[in-house]
Amino acid sequence: MTKKQKKMLIRICAAAVLLIALHFLPEDFPSFGGTAESGLLRRLVRMMLYLVPYLIIGHDILRKAARGILNGQMLDENFLMAVATVGALAIGLLKTGDYAEAVAVMLFYQIGEWFQSYAVGKSRKNISALMDIRPDFARIESENGPEEVDPEEVPAGSVIIVRPGEKIPIDGIVEEGESSLNTAALTGESVPRDVKPGDEVFSGCISMSGLLRIRTTKEFGESTVSKILELVENASSLKSRSENFISRFARIYTPAVVIGALALAVLPPAVRGLFLGLPPEWGDWIYRALTFLVISCPCALVISIPLTFFAGIGGAGKAGILVKGSVWLEELSRTGTVVFDKTGTLTQGTFEVTAVHHSPLSEEELLEYAALAESSSSHPIAVSIRNACPRPLDLSRVTRVEEISGNGVKVLIDGREVACGNARLMERLGVPCMECHETGTIVHVSIDGAYAGHIVISDREKPEAKEAVAALRAAGVRRIVMLTGDRDAVARQVADRLDLDQVYSDLLPEDKVSMLEELLKSGNPKEILAFAGDGINDAPVLTRADLGIAMGAMGSDAAIEAADIVLMDDNPLKIARAIRISRKCMAIVRQNIVFALAVKAVCLILGALGIANMWLAVFADVGVMVIAVLNAIRALFTGKT
């Protein structure tokens, strides 16, 4: 509980105790005789006593209302509460002598505000858990030994030291030491990750067991932790359609009810007095109008709807699912089609060379030429070829590199032109290539325009992939599609094992965008299409989809920039979990809207008819708000949703 919340709780308790004590005062206290003047004096003294708890609990509301009037923005809940309660005090002074209702209305309103503040604080704690990944310092090597500096002052290429129990402040490569990393702050999972020299590590992880020397590959502003913090801090900037509706609704609704209350206070008594010859009963109708104002406060909607989205984003963040704004949380709930990239999304993306078909070169020579050709690439296929090469690579032998997008590379090695890539590359170069009947990705190699052989590389599905597809169907996704640049035979084998609805293979990056356009046209206009990719080479497709989901995006700038939702590990099961979180959030939003409007409508009618008093008004305003806020807090608890 914050200091501000504690102060408010003390004020609430003090006002409540005083209100209860005043309730036990005799009705004729203080006694000034039986004249009209003495009755007015008695009511004035009693009002002064009731003003003590009223000002204790309501002085800030009165101050905000006055500030709103001075700024020309008076039609808010503070103005409505101030007018209604001050009016009730005035009626008590002039007619009824009852001030408890006015104090109680303000008291219960502040109780509702306290619950709302507590709920926001609870949600902010989940966001703060993400913020805890911000490192306090970076320990760099200097001439005088290890020195602690601000992470933002560390240039790329520096060597930093991370001791056991400390956060890694900046992305980099381990140069020395071994450790287990706690990645829970990034992935939402507690399974440790072992690292050794040569492994890439990301800021925000905690070294649990060993001392690491890390050479930084980025500046702090470009590192994973900085990107995530920026994403989370800006998550509330993109409002959902529901929030925008509530904002527009409040701008129209508040002036309308103020005008309605004025009409209720003036028109009926005027008609009774001028046209019907009856007593106008101004006090009764003004009381009804004030009750109408208290009932009409749209607090439940204005507070609970944004709070629900805020809580939903916080709960998802705790699970390692970063949502860039409530608009995307709302869109996710309408997902009808999920399109997957294959490599690194449904498959592990850790390729292995499973066969080498060579002629006239030996297997070692073919692997060496291919490894040298792919020496400048970070693609998993290139890495697998380099790992399979039995000889150390002399990169000085490579004198020219030409990358052909979607096809492969052409390089000069020892003055010989070597081409390494798919069948399209061979066709483009006019080199007839050998067919291969093994399942896997085929990398063809030609030397000086002559075919030299090919390498078979296989990838395996992720253990969770099949379960993830089943979970998506259980979550209500109607169509699951896979797009891949891999061969048709490989793609269909994966699609059959995972029970996908459609698969499109042999796609270049631009072909994926075109195919996504076709899928968007053929989909249900009331549903959205979500694309899930590894975020490295899928940025154009992530951007074009209704909703882009980047998977396993630790350290991937492209993912965080292009995607609308970022999963901080590579588990496809989290997509279904994210959809269920969003649908739970939207269900809470709809419940609060229907509940608040229904209760308001009934109570407004009862208030206008004189059946509802201030106590019912308190429930209609504060009671509904408290119930709606407590309902909104449920969005924080995602569990195993």
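The values are calculated or read from the model by the stated rules, or taken from the named source; none is laboratory data. Quick caveat: nothing in here was measured; it's all calculated off a predicted structure. Neighbour counts are summed over all protein chains in view; Cβ atoms, including those assigned to glycine, are modelled from backbone coordinates with ideal geometry. All accessible areas refer to the heavy atoms of the entire protein, side chains included, with ligands and DNA or RNA removed. Shrake-Rupley method; radii C 1.70, N 1.55, O 1.52, S 1.80 Å.
Structural remarks
- Within segment 80-112, the set of residues being at pLDDT 75 or above, open to solvent by 30 Å² or more (accessible area, probe 1.4 Å) and in a helix (DSSP H, G or I) comprises VAL83, VAL86, ALA90, LEU93, PHE108, ILE111.
- Taking every residue in segment 272-288 that is within 22 Å of LEU606 (Cβ to Cβ) and pairing it with any residue that is open to solvent by 90 Å² or more (accessible area, probe 1.4 Å) and assigned to a helix (DSSP H, G or I), at least 6 positions away or on another chain, the pairs with Cβ-Cβ distances below 8 Å are GLY283/LEU94; GLY283/LYS95.
- In segment 263-312, the residues that are part of a helix (DSSP H, G or I) and touching a Gly at 6+ places or on another chain (Cβ under 6 Å): ARG288, LEU290, THR291, PHE292, ILE295
- Counting only residues that are part of a loop (DSSP other than H, G, I, E, B), of a type in the set (Val, Ile, Thr) and open to solvent by less than 20 Å² (accessible area, probe 1.4 Å), segment 424-444 holds 1 of them.
- Filtered residues of segment 483-521 (kept if under 23 Å from PRO463 (Cβ atoms), touching an Asp or Glu at 6+ places or on another chain (Cβ under 9 Å), part of a helix (DSSP H, G or I) and not β-branched (Val, Ile, Thr)): ALA491, ALA495, ARG497, LEU498
Quick grid of which residues meet (1) open to solvent by less than 20 Å² (accessible area, probe 1.4 Å); (2) over 18 Å from VAL477 (Cβ atoms):
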{"site": "LEU567", "(1), (2)": "yes, no"}
{"site": "LYS574", "(1), (2)": "yes, no"}
{"site": "ILE581", "(1), (2)": "yes, no"}
{"site": "ILE593", "(1), (2)": "no, yes"}
{"site": "ALA598", "(1), (2)": "no, yes"}
{"site": "VAL602", "(1), (2)": "no, yes"}
{"site": "ASN613", "(1), (2)": "no, yes"}
{"site": "ALA620", "(1), (2)": "yes, yes"}
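- Every pair of residues 6+ apart whose Cβ atoms lie under 8 Å, when the first sits in segment 445-473 and is open to solvent by less than 20 Å² (accessible area, probe 1.4 Å) while the second is part of a strand (DSSP E or B) and acidic (Asp, Glu): ILE447/GLU417; ILE457/GLU352
- Residue check for LEU519: over 29 Å from the mean Cα position of the chain (by Cα) and not polar (S, T, N, Q): no
- Flag set for ALA250, criterion: modelled with pLDDT under 70 and in a helix (DSSP H, G or I).
- Cβ-Cβ contacts under 8 Å between residues 6 or more apart (or on different chains), taken from a first residue in segment 412-437 that is over 11 Å from TYR451 (Cβ atoms) to a second residue that is open to solvent by 60 Å² or more (accessible area, probe 1.4 Å), are listed as LEU412/THR399; LEU412/ARG400; ILE413/THR399; GLY415/THR399; ARG416/ASP448; GLU417/ASP448.
- A count restricted to segment 474-498 and to residues that are open to solvent by 60 Å² or more (accessible area, probe 1.4 Å) and touching a strand residue (DSSP E or B) at 6+ places or on another chain (Cβ under 8 Å) stands at 4.
- Per-region count, segment 357-399, residues open to solvent by less than 60 Å² (accessible area, probe 1.4 Å) and either touching a Pro at 6+ places or on another chain (Cβ under 8 Å) or part of a helix (DSSP H, G or I) (or both): 16
- Residue check for ALA419: in contact with a Ser or Thr (Cβ under 6 Å, 6 or more places away or on another chain) and either within 26 Å of ASP459 (Cα to Cα) or not in a loop (DSSP other than H, G, I, E, B) (or both): yes
- For the criterion of being out of contact with any Ser or Thr (no Cβ under 6 Å at 6 or more places or on another chain) and either open to solvent by less than 10 Å² (accessible area, probe 1.4 Å) or under 24 Å from GLU561 (Cβ atoms) (or both), SER296 passes.
- The lone criterion from (1) at pLDDT 85 or above; (2) touching a strand residue (DSSP E or B) at 6+ places or on another chain (Cβ under 6 Å) left unmet by ALA576 is number (2).
- Residues satisfying the stated conditions in segment 258-293, i.e. open to solvent by 40 Å² or more (accessible area, probe 1.4 Å), under 44 Å from the mean Cα position of the chain (by Cα) and not charged (D, E, K, R): ILE259, LEU262
- Residue among GLY260, GLY336 that is modelled with pLDDT of 85 or more, assigned to a helix (DSSP H, G or I) and farther than 24 Å from VAL103 by Cβ: GLY260
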